[in-house]
2 protein chains.
Amino acid sequence: MLLDAPTAVHLRRLSPLDFLERSAAVYRERVAVVDGDARWTYPEMLERVYRFAHVLAALGVVKGDRVAVLCKNESTLLEAHFAVPAAGAILCALNIRLVKNEIEYIAGHCGATVVVYDAEFAPLVADLPTPVVRISVDDLAALIAHASSERFDNPASDEDETISINYTSGTTGQPKGVMYTHRGAYQNALAEIFHAGLRPESVYLWTLPMFHCNGWCFPWAVTAAGATHVCLPKVDPERIFALIEREGVTHFCGAPTVLIGLANHPGAKPFARPVSVTTAGAPPAPTTIAQMEALGAVITHVYGLTETYGPVTVCAWQPQWDTLEPAERARMKARQGVGMLTVGPDDVRVVRNEPAADGSLVDVPRDGATQGEIVMRGNNVMKGYYDDPAATARAFAGGYFHSGDIAVWHADGYLEIQDRAKDVIISGGENISTVQVEKAILEHAAVLECAVVAKPDDKWGEVPKAFVTLKPGASLGEDELIAHCRERLPGYKTPKAVEFGDLPKTSTGKIQKFVLREREWQDKGKRVN
Amino acid sequence: MLLDAPTAVHLRRLSPLDFLERSAAVYRERVAVVDGDARWTYPEMLERVYRFAHVLAALGVVKGDRVAVLCKNESTLLEAHFAVPAAGAILCALNIRLVKNEIEYIAGHCGATVVVYDAEFAPLVADLPTPVVRISVDDLAALIAHASSERFDNPASDEDETISINYTSGTTGQPKGVMYTHRGAYQNALAEIFHAGLRPESVYLWTLPMFHCNGWCFPWAVTAAGATHVCLPKVDPERIFALIEREGVTHFCGAPTVLIGLANHPGAKPFARPVSVTTAGAPPAPTTIAQMEALGAVITHVYGLTETYGPVTVCAWQPQWDTLEPAERARMKARQGVGMLTVGPDDVRVVRNEPAADGSLVDVPRDGATQGEIVMRGNNVMKGYYDDPAATARAFAGGYFHSGDIAVWHADGYLEIQDRAKDVIISGGENISTVQVEKAILEHAAVLECAVVAKPDDKWGEVPKAFVTLKPGASLGEDELIAHCRERLPGYKTPKAVEFGDLPKTSTGKIQKFVLREREWQDKGKRVN
């Protein structure tokens, strides 16, 4: 069924590793990576990747092994996107914002045999069970310096093999491992090149975490284009403005929160040249768009999930919108849009809750009013959840991946998200499982029951808000409960507000979260922000 | 082994048909095609393609059938690139410069069941055997106007199926049918988008014949980008300048001959905006480059063959060359370059004549001096020759397609053609088999023996020159022999010069063509022009 090792002259397995080898051969003098004061050309980057792969092999990594990396947005993580698959292994880039037990769960679930980590995150991986090889970025650097620079090319021979596993927050509490294939990563990278307009002379700033959906496949796309990666360990507006100026940045990506931080920074000043900004995670607000455009940004709004390699739709701009009023233009730009270049014509749809009698999915009318769920399929959709066939089967019901995002379909074919079916909060581009937050709250002895819902927020888009009923006679303050949660959860998952009292329930005693959500969102048109 | 009909949610067969459906969904108001006074939007183009496919089905075309099209560069041929595969059939675009017996051979060899033709070429197809359905463009248009506009989507379910067959001139006399696959066409189109810099707002002028390697896959690439096709039935410099101005053309392709014609046209004047020009078929001369750049062209030099979907390498421009002297810049630009974006690292090589003991191919040193043959493999290489496994096996010896082009490999990885191993002449971008020309000459009663070689030419790059020995006592003039050939051959294949006399031979009596070639090329550094 699948493209196996090509014995035919006319077939080569699609794998983004090829992009690095090509760019190293073609762009010999071009700077591939800027990381602090260090900079490497494409041939140097390739050599470092070979050395990295040799080190992994020396650490015992063999084909199909999982290698976890817990790093900020620095060259080690970028190079891991090539070195790990070159060694035949599967990359599992971990979110540095997670807490210890989350890291431990993921490392255990994917069965990582090697974990690479930044020194500052050492405590997070300190208690991984013994067979796991833990190696810090510094120790790795020392090994890389002495490793062979011989070509190391042992990747998947079948393009449908897994290249990476990216863990979602999971709506039922435990993260799920989303598997990307070599083929999918390759095709998505080609689409990103087109939509972001990447050229060999482009300079890409890493404002987007590479541990989010493999940086939306930009580690591969930017490399394919022969453009320059500028690493950025932390979203720091001052540093971003400085790097844009110093390095001549032409492109970056980020959630609207990042754009809000930039636009409202006291040191904000117009860019020396137009900068292409790709945003996702939430629809950008009109104010944000206007502010960023005033700085010289050209904003492209894309949409996707971890399960779709990051972006799968793009709000492709129409020239006839150029002359609209600013508010109307912003409204058009805030729509999630249409399938990207490599997405097939029926690969993204908005469908009714109820399938047809034969089980097939039924489109909602394209009236801009009827709500349905966004579903996707094709080369831009994950292979499945790692070691979780039941969850995969549920997610793929009817032959499409079910996003859990509720949208309308406009007459012009553009889709626009209205709500979420999944109980998830997206805050500053990070997904939060409300179930996980509720579990943490329930661990407090004074709490009887609780419900966590999204509350709209100007900066973060959404933040978690907790509604809590205390046990009879117990007493607990908002600050105290938030501190309790902060010990158990990453900062972004910690509730930003708490309301104590009775919870609305159905006659059978089920908590009516939607009532609480409606209360928080009553001034908003949509139920996402 | 190959990607079959995807039942998996995460796999979609790659096929350029998807590009048209996507652009019709996304770019509803954009002009897709300009053909004379007619212009159609993308939704209109798609509807015409559906109608066209319905007509083909009504004419009896079923999956796997071959449909030949003998048309100038007009919308019918462009739409055939989508309608024929949509109907499940294989497109065979015929070169309108061929003569009757060549057309008949090709139509017979590919077993076309339907032949679409421009009225002016009616005599060329008049004697095709009865089972072949012949339909003129005008009659087709009438049927299309009344056909169903329902979606017609019956393409290959396996991306490795053949989408088109393109006949080469063939060096041994008879044309060979080069098979392209859906996958290969899709990937090549994505690479063309990157290298030509096609954007949704681009306007592409069809100076390049679509019957050459399916217009280097630009029918699919331009459509994928959502750009505008401007048809051009004939390379007419005056009309080209007028269309560039009227339609705001941003891109076109063509052999250097086309550029020479433009640059030296009395009405030549600078373009209103930069125009991206992709050229191949021969290295562009420094004068041509300088003249075209003065008009505002940005020239990209690519290289390939029919067997490689058109371009497979690109002379990727390096910023460090910007400051070179014009002659040196032209020298850099005249090199054939490096593999395109979707070409793998070892997919294009320059190899020695003699393989290693184990049969594997051996690279020449990258010294810019040692000559070897250019070989290619991967997704940018044909599936094989139609109905000719022996020729396919010969062409694919050692696991690579053998181009027959002799090149050096420079230290920077760029290859540069020096000569041809195959006995072929490239004149104005058209390939000429010397064997075919020799056969035509030998049909003259006065001719005893002959040899045809390439002669360098400022306008056409190369033209055929005949060396002829007459039978004892016979007499024949140059003009008379050329007229004889013109009756049997297309104009471009007819010798432009004839020299009568004895032919140089080996001791065993074999004609030493290389001696004749050397004589013609003694003032040139390379043996191609």
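The values are calculated or read from the model by the stated rules, or taken from the named source; none is laboratory data. As the structure is a prediction and not an experimental result, all values here were calculated from the model. Reconstructed Cβ throughout: ideal geometry from the backbone, glycine too, with neighbour counts over all protein chains shown.
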> Does A:Glu449 qualify as being of a type in the set (Asp, Glu), closer than 24 Å to A:Ala280 by Cα and assigned to a strand (DSSP E or B)?
Replying inline: no
> How many of the residues making up the range B:453-487 are surrounded by fewer than 19 Cβ atoms within 10 Å (Cβ to Cβ) and of a type in the set (Lys, Arg)?
Replying inline: 3
> Using beta carbons and a limit of 6 Å, which pairs, at least six apart or on different chains, have the first residue in the range B:195-208 and without any contact (Cβ under 8 Å) to a residue 12 or more places away in the chain and the second one of a type in the set (Gly, Ala, Ser)?
Replying inline: none
>> Here is a check on your reading of the model: is A:Val249 touching a residue at least 40 places away in the same chain (Cβ under 8 Å) and in contact with a Leu (Cβ under 9 Å, 6 or more places away or on another chain)?
In response: yes
> Residues of the range B:462-515 being of a type in the set (S, T, N, Q) and under 14 Å from B:Leu448 (Cβ atoms), which ones?
Replying inline: B:Thr469, B:Ser475
> Quick one: what pairs do we get from the range B:136-147, first residue in the same structural domain as B:Val115 (by TED's automatic domain parsing), second aliphatic (A, V, I, L, M), C-beta under 6 Å, 6+ apart or different chains?
Replying inline: B:Ser136/B:Ala119; B:Leu140/B:Val116; B:Leu143/B:Val55; B:Ile144/B:Val55; B:Ala147/B:Val55
> What number of residues within the range B:300-314 are more than 30 Å from B:Asp388 (Cβ to Cβ) and touching a helix residue (DSSP H, G or I) at 6+ places or on another chain (Cβ under 6 Å)?
Replying inline: 1
> What's the number of the condition A:Lys459 fails, among (1) outside any loop (DSSP other than H, G, I, E, B); (2) under 30 Å from A:Leu259 (Cα atoms); (3) not polar (S, T, N, Q)?
Replying inline: (1)
> Of the residues in the range A:472-502, how many are more than 30 Å from A:Pro256 (Cα to Cα) and under 33 Å from the mean Cα position of the chain (by Cα)?
Replying inline: 1
>> For the range A:370-391, which positions are over 25 Å from B:Asp18 (Cβ atoms) and either in contact (Cβ under 8 Å) with a residue 40 or more places away in the chain or within 9 Å of another protein chain (Cβ to nearest Cβ) (or both)?
In response: A:Gln371, A:Tyr385, A:Tyr386, A:Asp387, A:Asp388, A:Ala391
> Of the residues that sit in the range B:25-69 and are small (Gly, Ala, Ser) and surrounded by fewer than 24 Cβ atoms within 10 Å (Cβ to Cβ), which one is nearest to B:Cys92 (Cα to Cα)?
Replying inline: B:Gly64
> What tally of residues in the range A:216-255 results from selecting those that are within 17 Å of A:Ala280 (Cα to Cα) and either in contact with a Pro (Cβ under 7 Å, 6 or more places away or on another chain) or acidic (Asp, Glu) (or both)?
Replying inline: 1
> Residues in the range B:277-288: is at least one within 21 Å of B:Met210 (Cα to Cα), modelled with pLDDT of 95 or more and within 12 Å of another protein chain (Cβ to nearest Cβ)?
Replying inline: no
>> Being within 12 Å of chain B (Cβ to nearest Cβ), among the hydrophobic types (A, V, I, L, M, F, W, C) and in a loop (DSSP other than H, G, I, E, B) is the filter here; which residues of the range A:322-344 pass it?
In response: A:Met340, A:Leu341, A:Val343
> What number of residues within the range A:126-137 satisfy the criterion of being part of a strand (DSSP E or B) and closer than 13 Å to A:Val61 by Cβ?
Replying inline: 2
> Name the residues in the range A:184-208 that are surrounded by fewer than 24 Cβ atoms within 10 Å (Cβ to Cβ) and away from chain B (no Cβ under 14 Å), would you?
Replying inline: none
> Any residue at all in the range B:438-457 that is in contact with a His (Cβ under 6 Å, 6 or more places away or on another chain) and modelled with pLDDT of 90 or more?
Replying inline: yes
> Taking the range A:161-209, which residues are under 29 Å from A:Glu29 (Cα atoms) and either at pLDDT below 95 or of a type in the set (S, T, N, Q) (or both)?
Replying inline: A:Gln187, A:Asn188, A:Ser202, A:Thr207
> Do any helices (runs of 4 or more DSSP H) entirely within the range A:214-273 hold 1 or more residues that are over 27 Å from B:Val338 (Cβ atoms) and of a type in the set (Lys, Arg), and if so, which?
Replying inline: A:237-247
>> Given the condition of a type in the set (D, E, K, R), in a loop (DSSP other than H, G, I, E, B) and either over 21 Å from the mean Cα position of the chain (by Cα) or more than 14 Å from every other protein chain (Cβ to nearest Cβ) (or both), answer yes or no: does some residue in the range B:138-146 qualify?
In response: no
> In the list A:Asp367, A:Asp412, A:Asp405, which residue meets the criterion of being within 13 Å of chain B (Cβ to nearest Cβ) and closer than 20 Å to A:Val338 by Cβ?
Replying inline: A:Asp412
> Does A:Asn154 fit the bill of being away from chain B (no Cβ under 12 Å), within 17 Å of the chain's Cα centre (by Cα) and not in a helix (DSSP H, G or I)?
Replying inline: no
>> Tell me which helices (runs of 4 or more DSSP H) are completely within the range B:1-119 and hold 3 or more residues being away from every other protein chain (no Cβ under 14 Å), or say none if there are none.
In response: B:42-58, B:75-86, B:100-110
